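Shown next, in structure tokens, is the structure this report addresses.
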Amino acid sequence: MPTNNNHILSEERLDQIFADLQQKADKTNLNPYDILIEQYKCEEHLKKDEQGNPKPGIEKHHILPKHAGGGNEASNLVLVTVEEHIIAHWVRYRTFNSPQDQRAVIFRIGDTPARLEARRAQVSEARERDRAEGRGFFNSEFQSEMGRRGGAIGGSQNTAEQFAARSRVGTEYGRITGMGNQSSELRDFLTKFSIWAHSIEAQGRRSRTAQSNMRGVETYYLVGPKAAFVDLVRTLNGFVPESIRKAESFVKVAKGERKQAYGWRLVNTLIRSEVEEGIMQFQEENPNIFLNFEESVLEILELE
């Protein structure tokens with residue numbers, strides 16, 4: 001398994017955790033994984049805020065993974081930190097010799113505390129930069145356009161006129177309409193996994209040449225198949241908030257008509273049968289780069 005001393009958890013550390021759990025299991029009727037889950041359940045209250053919601057950075061672990069028939073019911077979920085999530089999959093792999101759990105660990109093992117903090121900082125910096133430069137949500141023209149799409153607020157609020165205006169959003173701008181207008185080329189693209197690279201430095205430059213040649217440090221993201229292009233844009237904007245301002249211009253990157261836009265460039269696409277091997281190859285070729293990915297990727301690959 002590709003690990004180094006900078007990773008959030010080394011394989012040696014994971015093995016020691018499993019050995020400690022095995023010692024406890026030998027004295028009970030439970031197995032190491034069951035003991036770990038009981039421990040996590042007892043600590044769940046520490047991972048919630050005053051309103052009972054998971055704190056930032058807290059994830060949900062499927063006790064019985066989906067690949068083993070588990071579902072999303074509350075009784076099958078336990079709150080965990082990123083580190084605990086990796087440990088859970090490792091201990092389950094060692095307890096039941098589950099290759100899916102081993103691969104889930106390999107997907108996550110490259111994360112480090114520094115990288116987690118860097119991603120949080122990147123989100124914050126992107127929002128502050130948009131605020132300072134009046135872009136995206138902080139742009140007056142953008143706000144005006146959103147207002148036109150939703151209809152006037154004042155005197156027409158909760159009237160037939162506003163209802164009609166809201167209905168036009170679905171027919172003129174909506175996701176369903178966009179899906180119907182997608183070319184066969186774009187629909188084929190959306191059936192694949194895609195790896196994207198984002199550059200904060202390039203995002204802030206207007207010239208296409210400057211964007212392509214002066215990218216600086218890049219952050220990499222894996223996105224799963226999508227039903228509509230707008231879903232892809234929303235996912236990338238979830239990684240770097242409000243980085244993509246116009247989907248209609250960004251689609252040129254997906255089609256190969258532009259090398260990059262809004263700081264994003266397409267690195268590679270992978271079909272379902274290629275994705276695991278492709279990701280492993282990416283990590284082997286780029287040992288110092290962590291590939292971020294949306295949590296749904298693990299579920300699509302039946303690793304969660």
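The values are calculated or read from the model by the stated rules, or taken from the named source; none is laboratory data. Predicted model only: the values in this text are computed from it and were never measured. Cβ: placed from backbone, ideal geometry, glycine included. Neighbour counts: every protein chain shown.
Within the set of pairs 6 or more residues apart or between chains, which connect a residue that is assigned by TED's automatic domain parsing to the domain that holds ASN292 and surrounded by 13 or more Cβ atoms within 10 Å (Cβ to Cβ) inside region 36-61 to a residue that is of a type in the set (D, E, K, R) and modelled with pLDDT of 95 or more with Cβ atoms less than 7 Å apart?
none
State whether the residues of region 4-25 include one that is over 27 Å from VAL297 (Cβ atoms), in the same structural domain as ALA104 (by TED's automatic domain parsing), buried (at least 20 other Cβ atoms within 10 Å of the Cβ) and over 26 Å from the mean Cα position of the chain (by Cα).
yes
Which residue is farthest from PRO99 (Cα to Cα), if the candidates are limited to region 19-57 and must be at pLDDT 90 or above and in contact with a Ser or Thr (Cβ under 8 Å, 6 or more places away or on another chain)?
LYS47
Does GLY224 qualify as being touching a Ser or Thr at 6+ places or on another chain (Cβ under 8 Å), among the small types (Gly, Ala, Ser), closer than 21 Å to PHE107 by Cα and buried (at least 16 other Cβ atoms within 10 Å of the Cβ)?
Values: touching a Ser or Thr at 6+ places or on another chain (Cβ under 8 Å): yes; among the small types (Gly, Ala, Ser): yes; closer than 21 Å to PHE107 by Cα: yes; buried (at least 16 other Cβ atoms within 10 Å of the Cβ): yes.
So GLY224 fits the description; yes.
Among the residues of region 80-98, are any surrounded by fewer than 14 Cβ atoms within 10 Å (Cβ to Cβ), acidic (Asp, Glu) and not assigned by TED's automatic domain parsing to the domain that holds LEU303?
no
Just name the residue that is nearest to HIS198 (Cα to Cα) out of those in region 223-256 that are without any contact (Cβ under 8 Å) to a residue 24 or more places away in the chain and β-branched (Val, Ile, Thr).
Within region 223-256, the match that is nearest to HIS198 (Cα to Cα) is ILE244.
Any idea which of LEU30, LEU79, LEU64 is closer than 17 Å to LEU303 by Cα and outside any helix (DSSP H, G or I)?
Being closer than 17 Å to LEU303 by Cα and outside any helix (DSSP H, G or I) holds for just one of LEU30, LEU79, LEU64, which is LEU64.
Got at least one residue in region 270-278 being modelled with pLDDT under 80, farther than 24 Å from GLN203 by Cα and in contact with a helix residue (DSSP H, G or I) (Cβ under 8 Å, 6 or more places away or on another chain)?
yes
Among the candidates LYS259, LYS226, which residue alone is closer than 28 Å to GLY70 by Cα, of a type in the set (Lys, Arg) and out of contact with any Gly (no Cβ under 8 Å at 6 or more places or on another chain)?
Result: LYS226 is the single residue among LYS259, LYS226 that is closer than 28 Å to GLY70 by Cα, of a type in the set (Lys, Arg) and out of contact with any Gly (no Cβ under 8 Å at 6 or more places or on another chain).
Restricting region 227-266 to residues that are β-branched (Val, Ile, Thr) and within 27 Å of ARG108 (Cβ to Cβ), which is surrounded by the most Cβ atoms within 10 Å (Cβ to Cβ)?
VAL240
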